[in-house]
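All remarks here apply to the structure that follows.
The values are calculated or read from the model by the stated rules, or taken from the named source; none is laboratory data. This one's a predicted model, so the numbers in the text were calculated from it and none came from an experiment. Here the Cβ positions follow ideal geometry from the backbone for every residue, glycine too, while neighbour counts run over all protein chains shown.
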Amino acid sequence: MLPIKMDHVSSYTKKEFEKMHKEIYNTSINYIKERMMKSEIVPDYTRDRFIEKVSSEPMNGLQTFSDFLHQEERMEKMGNS
């Protein structure tokens, strides 16, 4: 996918793009938090720590979510051993 060159886009479109980007970002962070809350594999204190990290460091939300999913997978494998 080619990067968007914003200097060739009208200011209205820039605002619209920024608004859509913010909505997508917020939707993603909300999904991550909801998904973490639904986990029955990760203990509450660990889950709460991950959720707090996503809330306090939203720019690292995808990495935190990835770490959470790896933790969940490890715990699931331990439980099925």
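Which residues, counting only those in the stretch 39-81, are in contact with a Gly (Cβ under 8 Å, 6 or more places away or on another chain) and part of a helix (DSSP H, G or I)?
Result: V54, single match.
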Checklist outcome for this item: Filtering the stretch 27-41 down to residues that are in contact with a helix residue (DSSP H, G or I) (Cβ under 8 Å, 6 or more places away or on another chain) and exposed (fewer than 13 other Cβ atoms within 10 Å of the Cβ) yields M37
Checklist entry - So which of D48, D44 ends up being closer than 30 Å to M78 by Cα, at pLDDT 95 or above and either surrounded by 11 or more Cβ atoms within 10 Å (Cβ to Cβ) or in contact with a helix residue (DSSP H, G or I) (Cβ under 7 Å, 6 or more places away or on another chain) (or both)? => result D48
Checklist outcome for this item: Quick count over the stretch 51-76, residues being over 10 Å from the mean Cα position of the chain (by Cα), of a type outside the set (A, V, I, L, M) and surrounded by 15 or more Cβ atoms within 10 Å (Cβ to Cβ), is 4
